[in-house]
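The values are calculated or read from the model by the stated rules, or taken from the named source; none is laboratory data. Since we're looking at a predicted model, the values are computed, not measured. Cβ atoms come from the backbone with ideal geometry, glycine included; neighbour counts cover every protein chain shown.
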């Protein structure tokens, strides 16, 4: 089983009516292909750059899952036949696969490593460091250069010796 990320563009009209039903369609397609979903999150509803099937807005829905390699063709075909899913992009996540094999990424509860749910989420920024009042560093400025070469003849080329 390989680890994949799938970005699904969902019809915004159907999502506004019933978002749960729209996402269940995505999950049903994945489970039919023997995929195991680990994370699923709504990204955003955005205006499309160009109309897709006459629609100008879509909901971006990101899903991380494992599936057999031969299941991708079936998933893509089922997505094309579905009216709620406008587009799909499936990518193999080789980086996360390596982390999982090394024990640094946990796909399921109880496995060693960082939970997959934390992928893509930025850690909280540390507060800015402050300097003690008594110690201030000098601001960076131009360094004084010293003349290390001998002066040439007056009015002549300094490089000619």
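Please go through segment 79-120 and give me each residue that is out of contact with any strand residue (DSSP E or B) (no Cβ under 8 Å at 6 or more places or on another chain), modelled with pLDDT of 90 or more and either more than 16 Å from residue 33 (Cβ to Cβ) or part of a loop (DSSP other than H, G, I, E, B) (or both), ordered by number.
Residue satisfying the conditions is 82 alone.
Condition check: free of Cβ contacts under 8 Å to residues at least 40 places away in the same chain, touching a helix residue (DSSP H, G or I) at 6+ places or on another chain (Cβ under 8 Å) and on the phi < 0 side of the Ramachandran plot. Does residue 45 satisfy that?
So residue 45 passes the test.
Sort out which residues of segment 82-97 are closer than 14 Å to residue 8 by Cβ and loosely packed, with under 13 Cβ neighbours inside 10 Å, and write them in order of number. Show your work before the answer.
If we filter segment 82-97 for residues that are closer than 14 Å to residue 8 by Cβ, which is where we start, we get 82-91.
Those that are closer than 14 Å to residue 8 by Cβ and loosely packed, with under 13 Cβ neighbours inside 10 Å: 83, 89, 91.
Looking only at strands (runs of 3 or more DSSP E) that lie completely in segment 1-78, which have at least 2 residues being modelled with pLDDT under 95 and buried (at least 17 other Cβ atoms within 10 Å of the Cβ)?
So the answer is 2-11, 55-67.
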